Each structure stands twice: as structure tokens, then as C-alpha cells.
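Colleague: The structure is given below, and queries will be raised subsequently.
Readers should treat all values here as calculations from the given coordinates under stated rules, not as data from a laboratory. None of these values were measured; they are calculated from a predicted model. Virtual Cβ from ideal backbone geometry, glycine too; neighbours counted across all protein chains shown.
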Amino acid sequence: MGVVNVTPDSFFDGGVNADPATAVTAARRMLAEGAAIVDVGGESTRPGSEGVDPDEELRRVVPVLESLQGEVPVSIDTAKAAVARRALQLGAELVNDVTALRGDPEMAEAVGASDAYLCLMHMQGEPRTMQADPRYDDVVSEVAAFLEERLTFAVGAGIPEERICLDPGIGFGKTVEHNFELVRRLPELTALGRPVVVGFSRKSSLGKLLGDPEATTGTLAASVGAAVAAYERGATILRVHDVRDHVEALLAAQAALA
Ligand code: HH2
């Protein structure tokens, strides 16, 4: 899954793809480089972010979705039903909701009324404050219990289970150690029976691991290392900013592990 943020302020590609034409070019390039789907987002959820209103989010993503329609498989990264509905009209195949249907009471209905796939992600707290001292007794069992509960909720709301994937939410209310423990013990999440998405790409835990306690991003090499480890532990979808490098690494890992 390639990432295209049509935002001025995303933690890694903020501003790079804020212009719709540039975002469209990036999405086409990611498809050519081997992405199966491109995740288009119009709101940053980086630590400390405040969020944008639905009109602004639509203004950012709609021109991109219109251009990509019928050409590039698209996922819409949004927690807002109005944005999801419009994206689905414009051909989006997956709704990637970082609030796991907790952010907008109309989201479950919006997804259920379509035949779209849905990604349910774990987050402790909310982006504005989530990195202020996140705590768990056992991060993996708490994330697994949360995802299981949200899966039951989504199925109860009429979204077929076979259309739902789960994501531990790397960096969303988690320390460096929490993030790596989630990948190390990923089989406890795949045991829930649904495909697991991992988005470690460029996240600050990678920079912190390499020795910079103030890092806000991670290197490409560290991102690829984390993605290969997640793949080896059973991840089905890797959400990444650098598609070509990850596709090459994962093809080699697949050949070596097969
Ligand atoms: N991470 C980000 C955004 N959306 N969705 C899923 N399912 N999993 C993730 O790990 C995930 C996500 C944050 O990364 P990015 O979109 O690059 O940054 P920002 O939120 O600053 O736009």
C-alpha cells in the first residue's frame, strides 16, 4: 500500500504531494512500482495534529480521486463519513479509518452501504495528545482485544467480516518499545483471523532506535527492515511511502522465506 498525503503537514511527505497534480503523479508512479493500492489522505494524524474540517479534507482529496478513478486502486485514509462517501462514489475500494469506526457515528453505515473493504486501526488516545506517556499492561494483548471488539462492532453494523483488515497502529499512542513488540508478536494479531496491515514506514520510532531521541522520522533502510520483519511475522499489507524499495525488499524476502 503506497501512501499519498495531500496535506501540507504530514510527518514525512507533508507538502510534497499537497498539489493535486503532484499527488496524482506520485500515485501513478507507486502503481507502476508495484503498489497494489494507494492510500490517499487529506488530514495528518501525526502526533500533536489538530485535524481539519470535512470541507477542507474534501477539497484536498477529491481532485486527486477524480483523476485516479478507474486507473489506480485507491484507499481513502479518513475518519469522516462524508469524505469516505465521496471517495467511494469516486471509486475508492478501501476505507482506512484510523479511529476504527469510533470517530464518526455515520462511518459504519457509509462503509456498509458500499461494497468497500475497511481497515480498522488501533490508537490509544487521539493524535493531539497520544504520544504523551502512552502506557499498557501488555500492549499486544490490549491491541488484540481492541481490534477484536472493533471487528465484532463492524460486523454487527453490517460490514462483511471478509472485507475487513486490522492494523496495530504503529506510532499511535505507543512508545518505541511498544511498536517493536507489536511487530515481534504479530502472530497474536494475525490469530484474529483477518489480514493485518502494518505501517512502520518512516515513523519516528525508527529514527529513535537509531539513536536520535528527538527524531520525527525514520530512514528508508530502517523502514524496509521493519517491513520485512513484519512480513516475516505475517503482515499481509505494508503501508509505505517508498514503494519501489519495499517491493524489491519484499520480493527478495518472499523468495528467501518461501
Ligand atoms: N499511519 C498514518 C496514517 N494512517 N493508517 C493505517 N491503517 N496505519 C498506519 O500506520 C497509518 C495510517 C501516519 O502516517 P502518514 O499518513 O504518513 O502521516 P500523517 O498522518 O502525518 O499524514
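Colleague: Would you calculate the volume per residue, in Å³, of the smallest convex hull containing every Cα atom of segment 144-238?
Modeller: Values: hull volume 8.5 nm³, N = 95.
It comes to 90 Å³ per residue, whole-number rounded.
Colleague: In debye, nearest 20, what is the charge dipole magnitude of segment 7-52 about its Cα centre with +1 on Lys and Arg Cβ and -1 on Asp and Glu Cβ, if you could check?
Modeller: Numbers: 3 positive and 7 negative charges, 36 e Å.
The dipole of segment 7-52 has a size of about 180 debye.
Colleague: Considering the convex hull of the alpha carbon atoms of segment 1-142, report its projected area averaged over all viewing directions, in nm², one decimal. Walk me through the numbers on the way to the answer.
Modeller: Working: hull surface 35.1 nm².
Directional mean of the projected Cα hull area for segment 1-142 stands at 8.8 nm².
Colleague: Then there's this: Starting from the Cα of E248, step 7 Å along the direction of its Cβ; do the same at Q69; then give the gap between the two resulting points in nm.
Modeller: 3.6 nm
Colleague: Taking the Cα centre of segment 188-258 as origin, work out the dipole magnitude from +1 charges on Lys and Arg Cβ and -1 charges on Asp and Glu Cβ, in debye rounded to 20.
Modeller: Details: 7 positive and 7 negative charges, 41 e Å.
That gives a dipole near 200 debye.
Colleague: So what are the radius of gyration and Dmax for the Cα set of the chain, in Å?
Modeller: In Å, with Rg to one decimal and Dmax whole: 16.9, 47.
Colleague: Find the eigenvalues of the gyration tensor of the Cα atoms of segment 1-51, then list the square roots of 5 times those eigenvalues as equivalent ellipsoid semi-axes, largest first, in whole angstrom. All intermediate terms of the calculation are to be shown ahead of the outcome.
Modeller: On the way: eigenvalues 82, 26, 11 Å².
Taking √(5λ) for each Cα gyration eigenvalue gives 20, 11, 7 Å.
Colleague: What number, rounded to the nearest 500 deg cm²/dmol, is the helix-based mean residue ellipticity at 222 nm of the chain, given -39500 (n - 2.57) per DSSP H run of at least four residues and division by all its residues? List each step's numbers first, then the result.
Modeller: Working: 10 runs with 108 residues, N = 258.
Roughly -12500 deg cm²/dmol at 222 nm, from the helical runs in the chain.
Colleague: How much length is gained if the chain between R29 and F153 is pulled fully straight, taking 0.36 nm per residue apart and subtracting their Cα-Cα distance, in nm to one decimal?
Modeller: Values: separation 124, 0.36 × 124 = 44.64 nm, distance 3.63 nm.
Net length gain for the segment: 41.0 nm.
Colleague: Within segment 57-136, report the GluC sites (Glu not before Pro) that DSSP leaves as loop and that have at most 11 other Cβ atoms within 10 Å. Please report the intermediate quantities before stating the final value.
Modeller: Values: sites: E57, E66, E71, E93, E106, E109; in loops: E71, E93, E106.
When the GluC sites (Glu not before Pro) of segment 57-136 are filtered for loop state and at most 11 Cβ neighbours within 10 Å, nothing remains.
Colleague: In the neighborhood of G41, defined by Cβ-to-Cβ distances under 13 Å, what is the net charge if each Lys or Arg adds +1 and each Asp or Glu adds -1? Could you put the intermediate results ahead of the total?
Modeller: Values: positive: R46, R60, K80, R239; negative: D9, D13, D39, E43, E56, E57, D77, D97.
Once positives and negatives cancel, what remains is -4.
Colleague: A further question follows. Would you be so kind as to identify which of A226, F172, V111 lies farthest towards the positive end of the dipole of segment 91-243, taking Lys and Arg as +1 and Asp and Glu as -1 on Cβ and the Cα centre as origin?
Modeller: Selected residue: A226.
Colleague: Select from the chain the helices, each a whole stretch of DSSP H, whose alpha-carbon atoms run 30 Å or more along the helix axis and whose Kyte-Doolittle mean is at least -1.0; answer none if there are none. Intermediate values should be presented prior to the final figure.
Modeller: Working: long enough: none.
What comes out of the filter, once short or polar helices are dropped, is none.
Colleague: Can I ask one more? Test of the criteria: in segment 150-214, which GluC sites (Glu not before Pro) are in a DSSP loop and have at most 12 other Cβ atoms within 10 angstrom of their Cβ? Kindly include the intermediate steps, with their values, before the conclusion.
Modeller: Working: sites: E161, E162, E177, E181, E188, E214; in loops: E214.
Those satisfying the criteria are E214.
Colleague: Would you list which lysines come within 29 Å of K80, measuring only between C-alpha atoms, while excluding same-chain residues fewer than 8 positions from it?
Modeller: K174, K203
Colleague: Placing +1 at every Lys and Arg Cβ and -1 at every Asp and Glu Cβ, with all other atoms neutral, what dipole size does the chain have around its Cα centre, in debye to the nearest 20?
Modeller: 400 debye
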